[in-house]
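Chemist: Attaching a single structure in structure tokens format; questions to follow.
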Amino acid sequence: MPDEQHVPPRELTETESAAIDWAGLLANLGKKVLHVGGGPSTEQLLELAHLEPDQHVLDAGCGVGTTAIEIAQRFGCQVTAVDIAPSVIERAATNVRAAGLQDSVTVHQGDILELEFSDDTFDRVIIESVVMFVDRAQAAREVVRVCKPGGLVIDHEAYFTRGAPDEIIQSSQELFPGFGLEEPEGWVGLYRNAGLSDIEYVSGPAEFIGPGYIIRDEGLSGFLTILGRLLTHPTYLRQMAGMLPRVRRVQPYIDYIVLAGRKPA
Ligand SMILES: C[S@@+](CC[C@H](N)C(=O)[O-])C[C@H]1O[C@@H](n2cnc3c(N)ncnc32)[C@H](O)[C@@H]1O
């Protein structure tokens, strides 16, 4: 299948557009890890995925391809990566080429709500911070549909903890409209209804804003690249200056979950 294939456009929801805007800004700045649990949650996801060489993995909502590339490099898997936003898909394709992984990682434009793949295609389906921005039940059904019987679906998402004041939740809706006030059980129920069994999960506080976290995920040179682009692009600086105080206010009330379940054989 060719790289950068384009699916027919559909009207995006407000939450999808917000996710794309936020991911697009971070991607333009050079950030490679675009989910709230950061590098540590990806590590937990990889542990729960029990990856082995030659497995076929789908990364649904892959952003700039960081985890897809890591899975191919570290585990020797064949990875298909899809995202709905053409700008991040282009970056993902560039990153795959830069890593010399064109034979192991294919990148397509694709919609998690209408995956172009046949039933029972992938040994593993991974998702990082995507389902919360879309019709959750439909997305969960789709990722389970394309997973092979006996395969695993592993998803990382975020939610407001029960202690989050109403005012924080209200004021953050423009920025994070996909986040709901949920406990992990809500995510477990979603995937149980979509057909997964043997569901296990880990959860914890989401920490993603601040120099320390950026250096943790992107390294010092990545941090300096991001800072340099921010300071030399007034549009990015304006966008970030508008978002940052709001992100800082909500961060203490956001937890992440990494959940894995098996599609019954
Ligand atoms: C928070 S980013 C996470 C990106 C990547 N998974 C990561 O963790 O670095 C959310 C991503 O979901 C993508 N997205 C939003 N709606 C989508 C949809 N309907 N189908 C596929 N991807 C979608 C956005 O374009 C964006 O790249």
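The values are calculated or read from the model by the stated rules, or taken from the named source; none is laboratory data. Everything numeric here is computed off the predicted structure, so don't read it as measured data. Note that we place each Cβ from the backbone using ideal geometry, even for glycine, and neighbour counts take in every protein chain shown. Calculation scope for accessible area: heavy atoms of the full protein, side chains included, ligands and nucleic acids excluded. Shrake-Rupley method; radii C 1.70, N 1.55, O 1.52, S 1.80 Å.
Chemist: Can you grab the distance from the C-alpha centre of segment 156-172 to the C-alpha centre of segment 204-265, Å, no decimals?
Modeler: When both Cα centres are located, 17 Å separates them.
Chemist: Continuing with the same structure: Ignoring ligands, DNA and RNA, what percent of the accessible area of the chain is carbon or sulfur (1.4 Å)? Please list the in-between numbers first.
Modeler: Values: 6160 of 11700 Å².
For the chain, the apolar C and S fraction of the accessible surface comes to 53 percent.
Chemist: List the lysines whose Cα lies under 26 Å from the Cα of K148, skipping any in the same chain that are fewer than 8 positions away.
Modeler: Counting by Cα, and skipping residues close in sequence, K148 has these lysines nearby: K263.
Chemist: Right, here's the next one. So with the 1.4 Å probe, I'd like the accessible area per residue for segment 14-262, rounded to whole Å².
Modeler: Working: 10280 Å² over 249 residues.
With all protein chains present, segment 14-262 gives 41 Å² per residue.
Chemist: Sort out for me the Cα centre separation of segment 83-145 from segment 63-78, rounded to whole Å.
Modeler: Cα centroid to Cα centroid, the span is 12 Å.
Chemist: Rounded to the nearest 20 Debye, what is the dipole magnitude of the chain about its Cα centre when Lys and Arg each give +1 and Asp and Glu each give -1 at the C-beta? Display every interim value, and only then the final one.
Modeler: Details: 21 positive and 38 negative charges, 138 e Å.
Roughly 660 debye, rounded to the nearest 20.
Chemist: With unit charges on the beta carbons (Lys and Arg positive, Asp and Glu negative) and the dipole taken about the Cα centre of the chain, which residue among L227, T42, A99 sits farthest to the positive side?
Modeler: Comparing the listed Cα positions along the dipole, L227 ranks first.
Chemist: Ok, one more. Please report the antiparallel percentage of the DSSP beta bridges confined to segment 14-262, to the nearest 5.
Modeler: Within segment 14-262, antiparallel bridges account for around 45 percent of the total.
Chemist: Hey, another quick one. Taking a ≥ b ≥ c as the square roots of the eigenvalues of the Cα gyration tensor of the chain, is the shape rounded (a/c under 1.5), prolate (a/b larger than b/c) or oblate?
Modeler: The shape class here is oblate.
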